[in-house]
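Remarks on the structure that follows.
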Amino acid sequence: MKTTLKNPYVYLGFVLPTIALYFLFFIYPMLTSAVYGFTDWNGLDRRNFIGFDNFANAFGDADFQHSMYNNLYFIVFSVFVQIPLIVVFSLLISGVKRLQGFYKTTVFLPSILSTSVIGILWGYIYNPDVGLIASILKIFGAEPIYWLGESKWAMFAILITNAWQWMGFYIVLILAAILAIPKEIDEAARIDGASGAQRAWYLTVPLIRPVINVVVMLSIAGALRVVDIVLVMTDGGPAGATDVMASYMVSKAIKFGDYGYGTALSIIIFAFALLLTALYQFAFARRQERVEY
Amino acid sequence: MPAALRKSVPHVVMMVYVVVILVPFLFVLFSSFKANNTEIALHPFGLPKSWKFSNYQEAWVKAKISVYFWNSLYLAAAAAAVGVLLSAATAFALTRMKFPKTSAAIYQFVLIGMLIPGNVLFIAQYLLVRNLHILNTHWSLFLPYAAGALPFSVLLICAFMRAIPTELEEAAVMDGMSAPGLFARIILPLTVPALVTVFIVNFLGNWNEYLLAQFFISKDALRTLPTGMVQFRDAFQTNYALVCTGIVFSVAPVAVLYGFLQRTIIEGLTAGSLKG
């Protein structure tokens, strides 16, 4: 017993491949990022260390500022529009007996699909000539709208698609939390004469606050790193109107070869993610760490 | 409000939601069978007048959806399988072998990976695969996909293996079984449920991955379905039926998989997000 499970060579054999692969694609890129971010490297010339210049430039870069605002739209939309809806839908599903499984399975479906395919699918739905929305508008005699081609609509169109893709995922998370609440609590309130809405608002919602906090944090993290859907639906266009931080970072690096600057942008994205989740934890999540039933 | 009416309100609201989810799929499915753009434009909502199955053949062969499809399938499956096997071996060593201090350190080290949002490392990984001279080969996707699966997989499989009682392996070791034999013949078979969950989560992640596939691969014959689809859309922009056919080709396999394994998929994906 002792020798078999204490053979260091066998142990290494089991562990080393994982460590090697993990080091190569996680730790090593982290370390090189920390270096590249402080250089002016463009892939060709010698790279020079330029201190914090990249970071200073980033905050003076009007295009990057604009892309930060677009990430902010994602955050605001998911926290103030999606999450209230998500909670309402979860409460509704938890309250029914028939078809509960069907609702859960259906709303979850879009979140297992490729963002790229969903972007293409919705690009077709938004198509001004033959798309679903244009066809519906036509019935009412309205002019077609170039949803993805006009700056004032494009961001909104992407936000709707993003919500369509991800809401079901969070509904399932919150639904699981609601269903885990012991039935007796709800029974007792019902016997005391509380209405369904009262029980939902005064009992269920406070009891699932920790999960709502998790969902808020996941949404913020998701909103900060969103990129696929923008690249597929508009590629940042029209004229940069829908660029987000990550898509701007990718285009700086790949299209213009500004690896140093691009890496600095990715460090900024990472810093924002850490900062916002830490702030949120500090402000809201700390007060109730555990719910006792 | 009468009781019957009050009971039906949630169903009415949820049915509206379900319609909003399903109608885009149906719209695309019906469009994919229509003859041409004129038919789509004139009869956007109805069923196609005659079901044009040849669209599917055309997209599959001429538009190379078949190439993208097989590339995606084998890359996603191979990377997920390798990721799961490596993680299982590591989890075995960390939870079953007697090196508690080293194991705790390695476990923490691997979990750092879960704190890093995916695309933060994008440029560094791009430069890495370029320096390894594997840009524009499937290795440039296979390796990051397999590596990307590791933190979450190690976490989940470790949790599962810790719950397996030690009596079995004690008996096996008494009978003279080696550590690799113990892993392959006793622990691995008992861990199959966790391995399946982890495999499916990783497979779906790889199957859907866009960013790396878009920028690490530029040869058309090597593209995967998500990036090939975008290429396909841009090339056939004016043939809506064909684009819809492409969408059906990429949604259908996942939808079928989901139909059979919905519980595993939902549990796996939500567990991944909560622990991450």
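The values are calculated or read from the model by the stated rules, or taken from the named source; none is laboratory data. Predicted model only: the values in this text are computed from it and were never measured. When we count neighbours, we look across all protein chains shown, and the Cβ atoms used for this are built from the backbone with ideal geometry, even at glycine.
Things to note:
- Among the residues listed as B:V28, B:V82, B:V18, the single one being assigned by TED's automatic domain parsing to the domain that holds B:M177 and touching a helix residue (DSSP H, G or I) at 6+ places or on another chain (Cβ under 6 Å): B:V82
- Residues in the range A:190-202 that are part of a helix (DSSP H, G or I) and either among the polar types (S, T, N, Q) or surrounded by fewer than 17 Cβ atoms within 10 Å (Cβ to Cβ) (or both): 7 in all.
- Some residue of the range A:10-22 being outside any helix (DSSP H, G or I) and surrounded by 15 or more Cβ atoms within 10 Å (Cβ to Cβ): no
Matching residues to (1) modelled with pLDDT of 90 or more; (2) within 8 Å of chain B (Cβ to nearest Cβ):
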site: A:Y11; (1), (2): yes, yes
site: A:L21; (1), (2): yes, yes
site: A:T32; (1), (2): yes, yes
site: A:T39; (1), (2): no, no
site: A:A56; (1), (2): no, no
site: A:D63; (1), (2): yes, no
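- Residue that is farther than 30 Å from A:T204 by Cα and either touching a helix residue (DSSP H, G or I) at 6+ places or on another chain (Cβ under 9 Å) or outside any loop (DSSP other than H, G, I, E, B) (or both), where the choices are A:I93, A:I120, A:I83, A:I75: A:I120
- Qualifying residue in the range B:151-172 (condition: under 26 Å from A:L265 (Cα atoms) and of a type in the set (S, T, Y)): no
- Residues considered: B:I187, B:I164. Of these, the only one that is out of contact with any His (no Cβ under 9 Å at 6 or more places or on another chain), in a loop (DSSP other than H, G, I, E, B) and either assigned by TED's automatic domain parsing to the domain that holds B:Y145 or surrounded by fewer than 21 Cβ atoms within 10 Å (Cβ to Cβ) (or both) is B:I164.
- Among residues of the range A:100-121 being of a type in the set (A, V, I, L, M, F, W, C) and more than 7 Å from chain B (Cβ to nearest Cβ), the one that is surrounded by the fewest Cβ atoms within 10 Å (Cβ to Cβ) is A:F102.
- Of all the listed residues (A:V216, A:V230), the sole one being within 12 Å of chain B (Cβ to nearest Cβ), within 25 Å of the chain's Cα centre (by Cα) and within 30 Å of A:A271 (Cβ to Cβ) is A:V230.
- Residue satisfying all of: in the range A:156-184; more than 14 Å from the chain's Cα centre (by Cα) and within 18 Å of A:A134 (Cα to Cα); surrounded by the fewest Cβ atoms within 10 Å (Cβ to Cβ) among these: A:F156
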